[in-house]
Each structure stands twice: as C-alpha cells, then as structure tokens.
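There's a structure below that I have some questions on.
The values are calculated or read from the model by the stated rules, or taken from the named source; none is laboratory data. Everything numeric here is computed off the predicted structure, so don't read it as measured data. All Cβ positions, glycine included, derive from the backbone under ideal geometry; neighbour counts span all protein chains shown. Accessible surface is based on the protein model in full, side chains and every heavy atom, while ligands, DNA and RNA are left aside. Shrake-Rupley method; radii C 1.70, N 1.55, O 1.52, S 1.80 Å.
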Amino acid sequence: MKTKLLYLFATSFFILSSCSSDDDSSSVDPEPTLPETGEVKPLDLSKYDSGTDVMLQAFYWDVEPKGDWWNILSEKVTDWADAGIDRLWLPVATKGQSGGYSMGYDPSDYFDFGEFEQHGTVETRFGSREELENLISKAHDNNLEVIADIVINHNSGGGEEYNPYRDKNTYTLFDETHGNASGMFNRNYENFYPNSTSDYDDGSLFYPEQNLDHNQEYVQNWLWKQDNSVAKYYKNTMGFDGWRFDYVLGYEPWVVKDWIDEVGGFSVVELWDGSASVLEKYIEETGSSAFDFSTFYKLEEALDRFEDLNYLNEEMLWQTYPDKAVTFTANHDTEKDSNEDNYIMSDHKLTAYAYILTHPGYPTIFYSDIENDKFTEQLKQLISIHNSIAIGDTEILYVDTDEYIMTRKGTSENPGLILYINTSDNIKRRNVTSNWKDTVLYDYTSNSTYTPVTTEDGEVLLEAPANGYAIWSITTTETVIE
C-alpha cells in the first residue's frame with residue numbers, strides 16, 4: 001500500500017520536475033510539501049557517528065593581542081570540544097627572531113616556550129610557557145589532541161660568524177648568548193648548508209644561508225632522535241600529540257618519515273601543490289597526512305575563479321587517500337595572501353565548508369571563520385552533520401555549471417546524506433535517485449524548508465537555495481497509511 005503522503009508527492013512530481021531547468025527553476029519560491037502527519041521530525045544526530053571529527057587551526061596571521069593568545073584559546077576549548085572538534089593546531093610555540101612580534105616561522109630557540117629573555121622579550125607573541133602548558137592540559141581534559149607547528153627547514157636570529165663555506169659572515173651561530181638561551185641544540189655554520197660534509201642546496205626561498213642540514217647525525221639527534229630532542233621534548237615534556245610540518249619542500253621526505261617513525265603521533269605536511277598526484281606521492285613516501293591543496297584549489301576554481309562547479313568533478317586527493325587528505329578552505333597563509341587565486345571569497349566560504357564537511361577527508365576549520373558571528377552557528381551545524389552522517393561511499397549524482405549534487409551512501413546503521421550546491425541566483429530543484437525508499441527528507445542545514453519525500457524506488461525531487469546549499473537525509477517522520 002502507498003501512503004497518502006507519497007500519493008501527494010507523486011501527483012506533484014510531474015509539475016515540479018519541469019522546474020529543474022536553469023531557465024525557470026526558481027522564479028517563484030516553492031511552497032513546502034508537508035507530510036499530513038504535521039511536523040517533520042529530524043534525526044537526533046548525536047546518536048550517529050561517522051567515525052571522524054574535525055581539526056581546528058587555532059590562530060590566524062598576526063594574532064592579537066600580543067602575549068595573551070594561549071589564555072584566549074583556553075577560554076574557548078570547552079566550546080570547541082562540544083562542537084565536535086578533536087584536534088587543535090597551534091601556532092609555532094617557541095621563540096622566533098622577531099620576539100614578541102614573531103608568529104614563530106623565524107625559529108631561533110626550539111626550547112624557549114616563553115621563559116627566556118631573548119630577542120627583546122620573555123614571553124612569545126602567544127604568551128608564557130605556563131600559559132601554554134595550561135592550554136594543553138585543558139585541551140586534554142576535553143579530549144582534544146594538540147598539534148605542534150614544526151619549522152625545521154630554516155633558522156633565524158643567530159649570531160654573526162665567519163662562514164668559510166660561503167666566504168662571508170652569516171648569522172648561523174646559535175648558543176646561550178646568540179638566539180638560543182636554552183642552551184639546547186646549539187648550532188653553527190657546520191650545521192647548515194653548505195658545510196664540510198655536504199654542498200647540498202635545497203633551493204629554499206626562506207633563509208638560504210640558514211637551512212639546516214638534516215643529513216647530519218647531530219642535527220637528526222637534536223631534532224628527533226635523542227631523548228631530549230625537539231620532537232621528544234614537545235611530546236613527552238610539553239604534551240603535544242602530533243605535528244604540522246611547515247614548508248616540507250625545504251627538506252627531503254625521509255626526514256618526515258624518520259620523525260614519525262621515531263616519535264609517532266598524528267602528522268600533516270604543508271606541501272603547497274595543487275596536484276593530487278604530487279600529494280599522493282609524498283604520502284606514499286612518508287606515511288604522513290597532507291593538507292589537500294588539490295581540493296582547496298578546485299573549490300577556489302569552482303566557486304570563485306571560473307564559477308563552474310564542473311571543476312568539482314576533477315581529481316582531488318581525498319578521492320585516493322581519504323584517510324590522509326586534510327581538507328581546508330582557509331589558513332593563515334591563504335587569508336593574508338594578496339593573490340586572489342589563493343583564497344576563497346567570504347561569500348563562498350560556507351559553501352566550501354559544506355563541501356569539505358560532507359566529503360571524505362579530515363576537515364580543518366579556520367579560527368577566523370568559526371569565530372565569525374556570520375558563520376559560527378552554521379559551521380557548528382556542518383560539523384555536527386560531518387561527525388554524524390557524512391559516511392559511506394561517495395557518488396556524484398549530478399553536476400553542471402551551477403549545480404552539484406553528491407551522496408554519501410551511509411551504512412546499514414547510518415543513513416548518510418545528499419549535498420546539493422546551487423550557485424545560481426535562483427532556487428533549484430532536481431530529481432535524483434537516493435538510497436532511501438518511501439521516506440520524508442529534511443535539510444539538516446535549515447537552508448531549505450522544503451520537505452521532499454522519496455518514492456518506493458528512491459526517486460526524489462531535491463531543492464537547494466539560491467547561492468547556497470542544502471544537506472538532505474532521512475527523518476523519523478511517520479507517514480499516514482491509506
């Protein structure tokens with residue numbers, strides 16, 4: 001027997017399906033088709049688990065106010081944990097040459113977490129060592145891992161010395177009175193390229209005279225091998241749980257592999273390359289996860305540069321290495337970059353997040369986005385959707401210039417979802433085939449009030465708002481049997 005609700009849906013289907021063309025799909029805001037039983041009853045998403053959570057990049061470029069960042073983050077940890085975040089990626093935590101102004105990417109003393117007077121300050125830009133330790137402790141109390149930003153390509157802020165391998169003075173002397181007040185991992189020109197054992201040149205854009213020679217046993221011991229190495233001190237003394245490797249183009253992949261093999265922990269590399277195959281090769285060589293720049297650039301091309309959603313049907317890292325692809329829509333570099341092709345416009349941010357939070361991969365949320373009042377509540381809802389029903393095989397059901405419809409097919413115990421992106425100026429509806437039979441659907445983003453019903457064959461007419469998206473799944477709504 002068919003339900004009365006399904007009969008109403010079937011009788012309206014022929015009329016509505018004519019509205020799916022680009023010409024006239026949204027000239028009039030369609031009236032919702034409500035079940036005769038009344039109120040739609042969405043699923044309790046807290047009862048579902050997709051098996052993955054979300055990482056948060058807990059900083060932006062030149063964070064303010066100086067000296068208080070660790071305390072600011074500590075106040076937000078519980079809220080983020082409640083929202084479904086499971087890892088915090090912190091900024092570089094040790095003293096840089098710029099002292100209280102440094103974002104850490106000019107590393108000087110790997111063991112000064114804000115306790116030594118050097119480079120004009122005791123605290124780092126982010127605060128004191130005690131404040132950092134309090135933040136890490138609070139994160140752990142809330143079951144969040146803490147990821148350290150590791151910069152091991154180049155050093156900065158050392159003392160001047162004559163360098164016979166360059167036949168000039170270089171700033172390569174790091175000791176207790178020259179940029180390394182901790183006295184741990186002292187360095188001189190012999191520990192940088194070129195030296196007595198190597199004339200290797202990595203072609204680095206950053207501080208070419210102060211690039212560490214990772215082939216030296218001394219450097220390896222201090223970075224990751226010995227008990228008081230940077231890696232083991234970060235992990236065993238400070239309590240960091242994993243690693244974000246900065247600018248891995250500056251050193252060879254075996255360095256990352258050896259580090260991970262020695263100390264373990266989650267790891268992700270910054271290999272700034274939009275080619276999925278390049279990222280795949282690096283993952284295979286190191287075993288590390290990688291930021292999915294291939295997906296980032298496809299989203300930028302689809303939503304901004306070319307305004308064509310067909311770019312979302314091209315090769316991306318999450319398709320081949322879903323467990324190693326760390327997807328994102330913004331980071332500290334893309335947001336400060338003046339190159340318009342290196343960031344996703346604010347008007348399209350939530351759509352980009354809807355994409356990465358429904359597709360395979362490990363999504364990263366950018367601090368400035370989750371703390372943006374215009375985005376906060378919707379991002380929290382997208383995280384909830386991701387952590388609950390973004391599961392199962394992925395299939396693109398439809399794609400053209402301004403429409404993209406994708407399904408996660410779920411499991412025997414989890415319904416999955418359908419994402420519908422629409423970048424046109426009109427509401428769009430399109431008929432697709434779902435895995436759900438005779439079922440009332442609901443948009444879990446609340447961007448659409450339309451309540452479609454699937455047929456006994458799984459066919460359904462879905463809707464997406466103009467310049468927006470909807471994420472559909474089943475409800476617990478009961479239909480009336482005739």
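Kindly indicate the residue of segment 169-208 that is open to solvent by 80 Å² or more (accessible area, probe 1.4 Å), farther than 16 Å from residue 156 by Cβ and in contact with a helix residue (DSSP H, G or I) (Cβ under 9 Å, 6 or more places away or on another chain) and also modelled with the highest pLDDT among those meeting that condition.
Going through the qualifying residues, I end up with 197.
Now, a different point. Output the number of residues of segment 249-266 satisfying the condition of being open to solvent by 30 Å² or more (accessible area, probe 1.4 Å), out of contact with any helix residue (DSSP H, G or I) (no Cβ under 7 Å at 6 or more places or on another chain) and outside any helix (DSSP H, G or I).
Of the residues in segment 249-266, 2 are open to solvent by 30 Å² or more (accessible area, probe 1.4 Å), out of contact with any helix residue (DSSP H, G or I) (no Cβ under 7 Å at 6 or more places or on another chain) and outside any helix (DSSP H, G or I).
How about segment 233-245: which of its residues are open to solvent by 10 Å² or more (accessible area, probe 1.4 Å), touching a helix residue (DSSP H, G or I) at 6+ places or on another chain (Cβ under 6 Å) and not in a loop (DSSP other than H, G, I, E, B)?
235
So which strands (runs of 3 or more DSSP E) stay within segment 358-455 end to end and still have 2 or more residues that are of a type in the set (A, V, I, L, M, F, W, C) and in contact with a Leu (Cβ under 7 Å, 6 or more places away or on another chain)? I'd like the intermediate steps shown before the answer.
Numbers: elements: 364-366, 394-399, 403-408, 417-422, 428-433, 441-443.
Result: 403-408, 417-422.
Does segment 147-154 contain at least one residue that is small (Gly, Ala, Ser) and either at pLDDT 95 or above or in contact with a Leu (Cβ under 8 Å, 6 or more places away or on another chain) (or both)? If you could, list the steps in order and put the result at the bottom.
Narrowing segment 147-154 to residues small (Gly, Ala, Ser): 148.
From what is left, the residues that are either at pLDDT 95 or above or in contact with a Leu (Cβ under 8 Å, 6 or more places away or on another chain) (or both) are 148.
Yes: one or more hits.
Quick check on this structure: which one of 79, 62 is under 30 Å from residue 208 (Cβ atoms), open to solvent by 20 Å² or more (accessible area, probe 1.4 Å) and either at pLDDT 95 or above or not in a helix (DSSP H, G or I) (or both)? Step through it out loud before you land on a result.
Values: 79 fails: under 30 Å from residue 208 (Cβ atoms).
When all the criteria are applied, what remains is 62.
Moving to a separate point now. Could you list all residues from segment 447-470 that are closer than 19 Å to residue 303 by Cβ, buried (at least 17 other Cβ atoms within 10 Å of the Cβ) and of a type in the set (A, V, I, L, M)? Please lay out each step first, then the result.
First pass over segment 447-470, keeping only residues closer than 19 Å to residue 303 by Cβ: 447, 464-470.
In the following step, the residues that additionally are buried (at least 17 other Cβ atoms within 10 Å of the Cβ) were identified as 447, 464-465, 468-470.
The answer is 464, 470.
With respect to the numbered conditions (1) open to solvent by 20 Å² or more (accessible area, probe 1.4 Å); (2) part of a helix (DSSP H, G or I); (3) touching a Phe, Trp or Tyr at 6+ places or on another chain (Cβ under 8 Å); (4) within 18 Å of residue 343 (Cα to Cα), which one is the sole condition not fulfilled by residue 280?
The single condition residue 280 does not satisfy is (4).
Would you call residue 382 out of contact with any strand residue (DSSP E or B) (no Cβ under 7 Å at 6 or more places or on another chain), surrounded by fewer than 24 Cβ atoms within 10 Å (Cβ to Cβ) and within 28 Å of residue 442 (Cβ to Cβ)?
On the way: out of contact with any strand residue (DSSP E or B) (no Cβ under 7 Å at 6 or more places or on another chain): yes; surrounded by fewer than 24 Cβ atoms within 10 Å (Cβ to Cβ): no; within 28 Å of residue 442 (Cβ to Cβ): yes.
Against the criterion (out of contact with any strand residue (DSSP E or B) (no Cβ under 7 Å at 6 or more places or on another chain), surrounded by fewer than 24 Cβ atoms within 10 Å (Cβ to Cβ) and within 28 Å of residue 442 (Cβ to Cβ)), residue 382 does not qualify.
Quick one: which residue in 416, 392 is open to solvent by less than 10 Å² (accessible area, probe 1.4 Å), at pLDDT 95 or above and touching a Gly at 6+ places or on another chain (Cβ under 6 Å)? Talk me through it step by step, then tell me what you get.
Numbers: 392 fails: open to solvent by less than 10 Å² (accessible area, probe 1.4 Å).
The conditions single out 416.
If I go through segment 332-359 residue by residue, how many of them are surrounded by fewer than 23 Cβ atoms within 10 Å (Cβ to Cβ) and within 12 Å of the chain's Cα centre (by Cα)?
The number of residues fulfilling the criteria is 1.
Checking residue 70 against (1) in contact (Cβ under 8 Å) with a residue 60 or more places away in the chain; (2) touching a Phe, Trp or Tyr at 6+ places or on another chain (Cβ under 9 Å); (3) among the aromatic types (Phe, Trp, Tyr); (4) within 25 Å of residue 343 (Cβ to Cβ), which single condition isn't satisfied?
Going through the list (1) in contact (Cβ under 8 Å) with a residue 60 or more places away in the chain; (2) touching a Phe, Trp or Tyr at 6+ places or on another chain (Cβ under 9 Å); (3) among the aromatic types (Phe, Trp, Tyr); (4) within 25 Å of residue 343 (Cβ to Cβ), residue 70 breaks only (4).
Considering only segment 328-343, I want to know if a residue exists there that is touching a residue at least 12 places away in the same chain (Cβ under 8 Å), closer than 22 Å to residue 425 by Cα and part of a helix (DSSP H, G or I).
Scanning segment 328-343 turns up no residue that is touching a residue at least 12 places away in the same chain (Cβ under 8 Å), closer than 22 Å to residue 425 by Cα and part of a helix (DSSP H, G or I).
Among the residues of segment 95-123, what is the count of those that are surrounded by 24 or more Cβ atoms within 10 Å (Cβ to Cβ), under 30 Å from residue 53 (Cβ atoms) and in contact with a strand residue (DSSP E or B) (Cβ under 6 Å, 6 or more places away or on another chain)?
Of the residues in that region, 1 qualify.
Next question, about the same structure. Pick from segment 352-410 the residues that are touching a Ser or Thr at 6+ places or on another chain (Cβ under 6 Å) and among the acidic types (Asp, Glu): which of them is nearest to residue 280 (Cα to Cα)?
Residue satisfying both the conditions and the ranking: 395.
Please verify whether residue 227 is part of a loop (DSSP other than H, G, I, E, B) and surrounded by fewer than 16 Cβ atoms within 10 Å (Cβ to Cβ), treating the condition exactly as stated. Talk me through it step by step, then tell me what you get.
Values: part of a loop (DSSP other than H, G, I, E, B): yes; surrounded by fewer than 16 Cβ atoms within 10 Å (Cβ to Cβ): yes.
Yes, satisfied.
Further question on the same structure: Going through 394, 411 one at a time, which residue ends up being among the β-branched types (Val, Ile, Thr), within 21 Å of residue 51 (Cα to Cα) and in contact with a His (Cβ under 7 Å, 6 or more places away or on another chain)? Break it down into steps so the answer makes sense when it comes.
Numbers: 411 fails: in contact with a His (Cβ under 7 Å, 6 or more places away or on another chain).
On inspection, the qualifying residue turns out to be 394.
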